[in-house]
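The values are calculated or read from the model by the stated rules, or taken from the named source; none is laboratory data. All of these numbers come straight from a predicted model, not from anything done at the bench. Here the Cβ positions follow ideal geometry from the backbone for every residue, glycine too, while neighbour counts run over all protein chains shown. Heavy atoms of the whole protein, side chains included, go into the accessibility calculation; ligands, DNA and RNA do not. Shrake-Rupley method; radii C 1.70, N 1.55, O 1.52, S 1.80 Å.
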Amino acid sequence: MGPQDREILRLAVPAFFALVSEPLMLLADSAIVGHLGTPQLAALGIAGTILQTLVGICVFLAYGTTSAVARRIGAGDHRGALAQGIDGLWLALLLGVVLAIAGLLLSPVAIAAFDPSPDVADHAVIYLRISCFGIPSMLLLMAATGVLRGLQDTKTPMVVAISANLVNIGLNVLLVYGLDLDIAGSALGTALAQTAAGVALVVVVVRGARRDGAKLRPDRPGILASAQMGIPLIVRTLTLRVALILLTFVATALGTTSVAAHQVAFTLWSFLALALDAIAIAAQALTGRALGAGDVAGTRAITRRMMWWGLVSGFVGGLALWGLRDIYVPWFTTDPEVRQSLAAVLIVAELWQPVNGVVFVLDGVLIGAGDGPYLAVAGVIALVLYVPLALSVLWFDGGIVALWWAFGGFMLLRLLTLMTRERSDAWLVTGATR
């Protein structure tokens, strides 16, 4: 294992554990709320989906900040890197306040769009409104995480994420059962845990900025620049979310057995994606730093090495997905029809994992290079071609296996667009800023 491999692992391993902590927090909330009753659990599912969508669209706060900060670090401008990070924090705070106010006002309308029963709707509105108070902290947490990743530090976000998970569990148990606050206690506990995590990382970034003499006050041009940089990444994120929503929509239309098999397969696919996304985060930080230093040859070398890591990780993940199926499938279902459908889907999901690995890495590389506009265009192209591919499964009654082949086609389209860009020199823009 060479120096490049050790540097990739130094960033990717802590990033993986930080990423894993996010679904574990949701799992803990579901387990605690689930014992309150079915209406509360259903309400958590609806409110949680809305909340995750609002926050998920803002992931550019982490990705864009990582790229911008890493470039300045590569250029040797540590003070400028932290000043760029502070601009990202101010943008996160402003956007968080706007989304929180909108969520508080529009919660009943958003919940009603899912057409739940009255008791479920009441619980969902309560959960969503309380959770809205935590949105500014959640976005600050994203932005601060991006700053630290750009500074080549993924360990601090990992420690904070794991600590927040433990605090979340303790607060949920105390507020839901100890103080008998029902689903409101779960929302409050999670919001408090996320706020504590956000404050902790912001303090780390602010201390670093003060140490290096970076400005802390709001800088309007810097905030606007961060916002403009994030627009293409928002488009890219939306194309991915639309593709996943369409996948679930078609699976649901295929019938109960198909959507059950799909849900299990997609849960496993999402978990493997966390490992691949950890390498992509390393790619963002290392690519930005190398280009900031003007090292085009080094950027090419680290990109090819990370592509190899993505390919191998995807291959290993695919083998594990298939080889361990007899162990994990019984955890999810005992229905023989679902198991039969799932076994067929898992073969397809396994075969696409190496492709997924390279796609995730190249996505991270181009984000690190600040190549957001191309990623937005590439995402739209892949989505436009994928939509008829997915819908044709319904038109020709192809079944759940055909649907997953179609989804694999979407990942292949992304691979082709990203590989085309990687082989060109257009994204290799050097310097402290793009």
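Along the positive direction of the dipole of the chain (beta-carbon charges: Lys, Arg +1; Asp, Glu -1; about the Cα centre), which of Ser21, Gly178, Ala62 reaches farthest? The residue sitting most towards the positive pole is Ala62.
Thr38 exposes around 110 Å² of accessible area when a 1.4 Å probe is run over every protein chain in place. When peptides 417-423, 378-384, 350-356 are ranked by their average number of other Cβ atoms within 10 Å per residue, the highest-first order is 350-356, 378-384, 417-423. Quick one: grab the alpha carbon gyration tensor of the chain, order the square roots of its eigenvalues as a ≥ b ≥ c, and give me rounded if a/c is under 1.5, else prolate or oblate depending on whether a/b is larger than b/c. Taking the square roots of the gyration eigenvalues as a ≥ b ≥ c, the chain is oblate.
Excluding Arg129 itself, what net charge comes from residues whose Cβ is under 15 Å from its Cβ, given Lys and Arg +1 and Asp and Glu -1?
On the way: positive: none; negative: Asp122, Asp182.
Around Arg129, the charge tally is -2.
Between the alpha-carbon centers of the stretch 242-283 and the stretch 127-199, tell me the distance in whole angstrom. So the separation of the two Cα centres works out to 25 Å. Our analysis of the stretch 1-218 gives Rg over Rh at 1.03, with the two radii drawn from alpha carbon positions and Rh computed by the Kirkwood formula. With 0.36 nm allotted per residue and the present C-alpha distance subtracted, the Arg423-Asp335 stretch has 27.0 nm of extension available.
Converting phi to 3J(HN,Hα) with the Karplus coefficients 6.51, -1.76 and 1.60 and the offset θ = phi - 60°, the stretch 367-379 yields 5, x, 7, x, 8, x, x, 5, 4, 5, 5, 4, x Hz in sequence order, with x at every glycine or proline.
Couplings 3J(HN,Hα) for the stretch 157-169, derived from phi with the Karplus relation 6.51 cos²θ - 1.76 cosθ + 1.60 (θ = phi - 60°), are x, 5, 4, 5, 5, 5, 4, 4, 4, 5, 5, 4, 4 Hz, where x marks Gly and Pro.
How would the stretch 15-73 be classified by its alpha-carbon gyration tensor: rounded, prolate or oblate, with rounded meaning a/c under 1.5 and the a/b versus b/c comparison settling the rest? Please list the in-between numbers first.
Numbers: a/c = 6.79, a/b = 2.34, b/c = 2.90.
Oblate, since a/c reaches 1.5 and b/c is not below a/b.
For the stretch 206-313, the list of trypsin sites (Lys or Arg not before Pro) that fall in a loop by DSSP and count at most 14 other C-beta atoms within 10 angstrom reads Lys215.
Counting each DSSP H run of 4 or more residues in the chain as -39500 (n - 2.57), what helix-only mean residue ellipticity at 222 nm follows after dividing by all residues, to the nearest 500 deg cm²/dmol?
It comes out at -30500 deg cm²/dmol, rounded to the nearest 500.
Taking only Cα atoms and a 10 Å spring cutoff, compute GNM fluctuations for the chain and point out the largest among Phe60, Phe133, Phe249. It is Phe249. Comparing Cα centroids, the stretch 366-398 and the stretch 48-95 end up 25 angstrom apart. Which of Phe407, Phe114, Phe315 moves most in a GNM of the chain, Cα contacts under 10 Å? Checking each option, the largest mean-square fluctuation is seen for Phe114. When the residues His35, His123, His78, His262 are ordered by accessible surface, computed with a 1.4 Å probe over the protein chains alone, the sequence from largest down reads His35, His78, His123, His262.
In the stretch 207-280, taking the dipole from charged Cβ atoms about the Cα centre, the farthest positive-side position among Gly255, Ile223, Leu244 is held by Ile223. Residues considered: Pro157, Pro388, Pro14. Largest GNM mean-square fluctuation over the chain, using C-alpha springs under 10 Å, is found at Pro388. Under the convention that each Lys and Arg Cβ holds +1 and each Asp and Glu Cβ holds -1, the size of the dipole of the chain around its Cα centre is about 1620 debye.
Across the options Leu272, Leu91, Val345, the greatest Cα extent toward the positive end of the charge dipole of the chain (unit charges at beta carbon of Lys, Arg, Asp, Glu) belongs to Leu91.
Cα gyration tensor of the stretch 112-260, axes a ≥ b ≥ c as square roots of the eigenvalues: rounded (a/c below 1.5), prolate (a/b > b/c) or oblate? List each step's numbers first, then the result.
Numbers: a/c = 2.16, a/b = 1.34, b/c = 1.61.
The shape class here is oblate.
Taken one residue at a time, the phi angles of the stretch 414-429 give Karplus couplings (6.51, -1.76, 1.60, θ = phi - 60°) of 5, 4, 5, 5, 6, 5, 4, 5, 4, 6, 8, 10, 5, 8, 7, 8 Hz. Gly and Pro are set to x. Cβ-Cβ distance of Ala113 and Val316, R₀ of 41 Å, FRET efficiency by 1/(1 + (r/R0)^6): the value works out to about 0.50.
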